[in-house]
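Student: Right, I'll just put the structure down here and ask away after.
None of the figures in this text is laboratory data; all of them are computed from the coordinates on show. For clarity, every value in this text was computed on a predicted model and none was experimentally measured. As a convention, Cβ positions derive from the backbone with ideal geometry for all residues, glycine included, and neighbour counts pool all protein chains shown.
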Amino acid sequence: MKKKPVQPARRGASAPPEAPARVVVLAAGVGSRMRSSLPKVLHRVAGRTLVEAVLDAAAPLSPSRVVVVVGADRAKIVEVLDGRGLRFAVQDPPLGTGDAVARASEALGSGDGPVLVLAGDTPMLRPETLRRLVARRQAGNLDLVFLTFRPPEAGDFGRVVRNGRGKPTAIVEARNASARQRKIAEVNAGVYCFDAAALGRALPKIRRNPVSGEYYLTDAVAVLAGGRGRVEAVEAEDWREAWGVNTRRDLAAAEELERRRGVERALESGVSLLDPATVRIGPQVELAPDVVLHPFVCLEGKTVLSEGCEVLAFTRLKDTRLEPGAAIGPHCDAEGAHVGPRAQVGPYSRLRPGAVLEEDVRVGNFVEVKNTVLRKGVKALHLAYLGDAEVGAGANIGAGVITCNYDGEKKHRTTVGEGAFIGTDTQLVAPVTVGKGAYVGAGTTVTQDVPDGALALSRSPQVNKEGWAARRKARKND
Ligand code: UD1
Ligand code: CA
């Protein structure tokens, strides 16, 4: 991994804060190299679509406007990005990245800040790097700063041509490059920070590429670098960040790069990994020191693991929060759940959205919890379904207890009081309340509220028929 010091800002901290950037994300390409009916930018890396990964990288810069350029398959993309406060520009047919930016100009409007142009297929981009480009552009009052990187193989990426003084003069697409240019190791990431006026000057000067018939945004470098143009290139600190996805091979590589990046981040945060080769940690996961992750753990979305948590083998957590000292797994699945301090979950438990487990709760094998609060110290250790319920502190939920929360049309709530004991194989037919300290006998179907401290039973009395087995045998042998 190559580290480069951040270049010092020429005008330093005294420069006035710059107007917020406007952002264009290019997502109108056909993506034919994926061989997929799904638009390329909707393929996922570490559980997140490529285009959302790019938007998430730009969001911390608080852009004044974000325009996504979409093409013929725009309906699916617009649907996925709905609710993010974005503007969409249509480019149909796709005539190249330069044309795509031109199509965005109306939606982009005007503004004083710079214009960031981002390829929609670079899922590993980080906000820090975008900030670096913005700061560099402002400090040097540059027309354009773009991101470069040096992957192990330059492949189809555009080659960055620099002059004798190290200034970039052109980006040459691999297919247009001379044999000599193809040997250049530094390539274009497809991430640009333009001075707004310079972008406006450059776009009309970009000519159709004679080989492909497309307008290449990359030609803006040669257009602006000519004469007294001020163009610079900044190399990514870690080449993996700029990895672009065109093929399934690239996508699989991105998944593995992202997985490695998650593993490294975890190790740096003070997390123990029992088997780093099989753990997956998404880019938005927060990890505290002294977390322990066992083999084949998968952490997705906005999962937060606090100090001293343990996640045992074959457990998937999505958008789930674990408080200090909580443990979950092996073989658990949790989504949208909150697990309190020192709570223990598993093996084979399922926590669904709205499952809230307070401190010292214990949830065991084949227990499913959905939209339910289990207060401090509740135990539900075997084979239960708890949905749309609130269970008071210290209550005991026996094996096979089911909240019958759905009447075929509506959901209803179940309340179990503090310290109540719900016997094995009880059905709680909601809406229903079991009072504080009440007991429900095994096998009871609870259809009426149970007062505090009462015992509820609904069993047909047992009948014992003495000598029945012998009489049966005798009848059979007749
Ligand atoms: C592009 C760059 C290349 C760079 C690479 C980095 C150009 C000409 N080449 O190549 O220098 O090394 O990215 O990953 O820019 N798009 C549109 N409309 C179009 C064409 C593309 O919106 O008409 C979008 C695509 O959806 C994609 C992005 O622009 O998200 C980049 O296009 P793509 O075709 O993937 O370009 P590359 O060949 O990878
Ligand atoms: Ca690409």
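Student: Quick one: in the stretch 382-404, of everything that is in a loop (DSSP other than H, G, I, E, B) and surrounded by fewer than 23 Cβ atoms within 10 Å (Cβ to Cβ), which residue is nearest to the chain's Cα centre (by Cα)? Walk me through it before giving the result.
Tutor: Filtering the stretch 382-404 for residues in a loop (DSSP other than H, G, I, E, B) gives 388, 392-395, 398-401.
Narrowing the set further to residues that are surrounded by fewer than 23 Cβ atoms within 10 Å (Cβ to Cβ) leaves 388, 392-394, 398-400.
Working: 388: 27, 392: 33, 393: 34, 394: 35, 398: 36, 399: 35, 400: 35 Å.
Going through the qualifying residues, I end up with 388.
Student: Could I ask something else about it? Does any residue in the stretch 432-448 that is in contact (Cβ under 8 Å) with a residue 24 or more places away in the chain and closer than 19 Å to residue 461 by Cα come within less than 6 Å, Cβ to Cβ, of a residue that is surrounded by fewer than 22 Cβ atoms within 10 Å (Cβ to Cβ) and not polar (S, T, N, Q) six or more places away or on a different chain, and which pairs are these?
Tutor: Correct list of pairs: 442/423; 442/425.
Student: What's the number of the condition residue 223 fails, among (1) without any contact (Cβ under 8 Å) to a residue 60 or more places away in the chain; (2) surrounded by fewer than 17 Cβ atoms within 10 Å (Cβ to Cβ); (3) away from ligand 1 (no atom under 13 Å from the Cβ)?
Tutor: For residue 223, the failing item is (2).
Student: Looking at residue 118 and the list (1) outside any strand (DSSP E or B); (2) of a type outside the set (Val, Ile, Thr); (3) within 16 Å of ligand 2 (Cβ to nearest atom), which single condition is not satisfied?
Tutor: Only one criterion is unmet by residue 118, namely (1).
Student: What single numbered condition from (1) surrounded by fewer than 23 Cβ atoms within 10 Å (Cβ to Cβ); (2) more than 27 Å from residue 282 (Cβ to Cβ); (3) more than 10 Å from ligand 1 (Cβ to nearest atom) fails to hold for residue 115?
Tutor: Failing condition for residue 115: (1).
Student: If you don't mind, another one. Out of all the residues in the stretch 217-237, which are in a loop (DSSP other than H, G, I, E, B), in contact with a Phe, Trp or Tyr (Cβ under 8 Å, 6 or more places away or on another chain) and away from ligand 2 (no atom under 16 Å from the Cβ)?
Tutor: Residues satisfying the conditions do not exist here.
Student: Continuing with the same structure: Residues being part of a strand (DSSP E or B) and under 15 Å from residue 280 (Cα atoms): count how many of those fall in the stretch 311-322.
Tutor: Going through the stretch 311-322 one residue at a time, the tally reaches 4.
Student: Hey, among 293, 257, 299, 251, which residue is among the aliphatic types (A, V, I, L, M) and more than 30 Å from residue 31 (Cα to Cα)?
Tutor: Only one candidate qualifies: 293.
Every residue, every condition in (1) away from ligand 2 (no atom under 16 Å from the Cβ); (2) in contact (Cβ under 8 Å) with a residue 40 or more places away in the chain; (3) under 18 Å from the mean Cα position of the chain (by Cα); (4) under 24 Å from residue 58 (Cα atoms), yes or no:
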residue: 243; (1), (2), (3), (4): no, yes, yes, yes
residue: 252; (1), (2), (3), (4): no, no, yes, yes
residue: 261; (1), (2), (3), (4): yes, yes, yes, yes
residue: 274; (1), (2), (3), (4): yes, no, no, no
residue: 282; (1), (2), (3), (4): yes, yes, yes, yes
residue: 287; (1), (2), (3), (4): yes, no, yes, yes
residue: 298; (1), (2), (3), (4): yes, no, yes, no
residue: 305; (1), (2), (3), (4): yes, no, yes, no
residue: 308; (1), (2), (3), (4): yes, no, no, no
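Student: I need a count of the residues in the stretch 301-351 that are β-branched (Val, Ile, Thr) and either in contact with a His (Cβ under 7 Å, 6 or more places away or on another chain) or over 26 Å from residue 48 (Cα atoms) (or both).
Tutor: Number satisfying all stated conditions: 3.
Student: Here's something else I'd like to know. When the stretch 40-63 is examined, which residues are found to be within 13 Å of ligand 2 (Cβ to nearest atom) and either more than 20 Å from residue 281 (Cβ to Cβ) or aliphatic (A, V, I, L, M) (or both)?
Tutor: Matches in the stretch 40-63: 40, 41, 50, 51, 54.
Student: Looking at the stretch 56-65, is at least one residue over 29 Å from residue 166 (Cβ atoms), within 16 Å of ligand 1 (Cβ to nearest atom), surrounded by fewer than 21 Cβ atoms within 10 Å (Cβ to Cβ) and not basic (Lys, Arg)? Spell out the reasoning first.
Tutor: Just the residues of the stretch 56-65 that are over 29 Å from residue 166 (Cβ atoms), to begin with: 56, 59-60, 62-65.
With the extra rule that they be within 16 Å of ligand 1 (Cβ to nearest atom), the set shrinks to 56.
Next, from what is left, pick out any that are surrounded by fewer than 21 Cβ atoms within 10 Å (Cβ to Cβ): 56.
Those left that are additionally not basic (Lys, Arg): 56.
For the stretch 56-65, residues over 29 Å from residue 166 (Cβ atoms), within 16 Å of ligand 1 (Cβ to nearest atom), surrounded by fewer than 21 Cβ atoms within 10 Å (Cβ to Cβ) and not basic (Lys, Arg): present.
Student: Going through 158, 190, 213, 166 one at a time, which residue ends up being at positive phi and in contact with a helix residue (DSSP H, G or I) (Cβ under 9 Å, 6 or more places away or on another chain)?
Tutor: Result of the check over 158, 190, 213, 166: 190.
Student: So, one more: Within the set of pairs 6+ apart or on separate chains, which have a first residue in the stretch 59-77 that is among the basic types (Lys, Arg), a second that is part of a helix (DSSP H, G or I), and C-beta atoms under 9 Å apart?
Tutor: Pairs found: 65/107; 65/108; 76/42.
Student: Residues of the stretch 323-381 being in a loop (DSSP other than H, G, I, E, B), under 21 Å from the mean Cα position of the chain (by Cα), charged (D, E, K, R) and surrounded by fewer than 20 Cβ atoms within 10 Å (Cβ to Cβ), which ones?
Tutor: Selection gives 352 alone.
Student: Also: Is it true that some residue in the stretch 404-412 is within 25 Å of residue 427 (Cα to Cα), in contact (Cβ under 8 Å) with a residue 12 or more places away in the chain and of a type in the set (Lys, Arg)?
Tutor: Yes; the residues of the stretch 404-412 include at least one that is within 25 Å of residue 427 (Cα to Cα), in contact (Cβ under 8 Å) with a residue 12 or more places away in the chain and of a type in the set (Lys, Arg).
One line per residue, one yes/no per condition, for (1) without any contact (Cβ under 8 Å) to a residue 24 or more places away in the chain; (2) exposed (fewer than 14 other Cβ atoms within 10 Å of the Cβ); (3) assigned to a loop (DSSP other than H, G, I, E, B):
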| residue | (1), (2), (3) |
| --- | --- |
| 147 | no, no, no |
| 151 | no, no, yes |
| 160 | no, no, no |
| 166 | yes, yes, yes |
| 188 | no, no, no |
| 197 | yes, yes, no |
| 203 | no, no, no |
| 210 | yes, yes, yes |
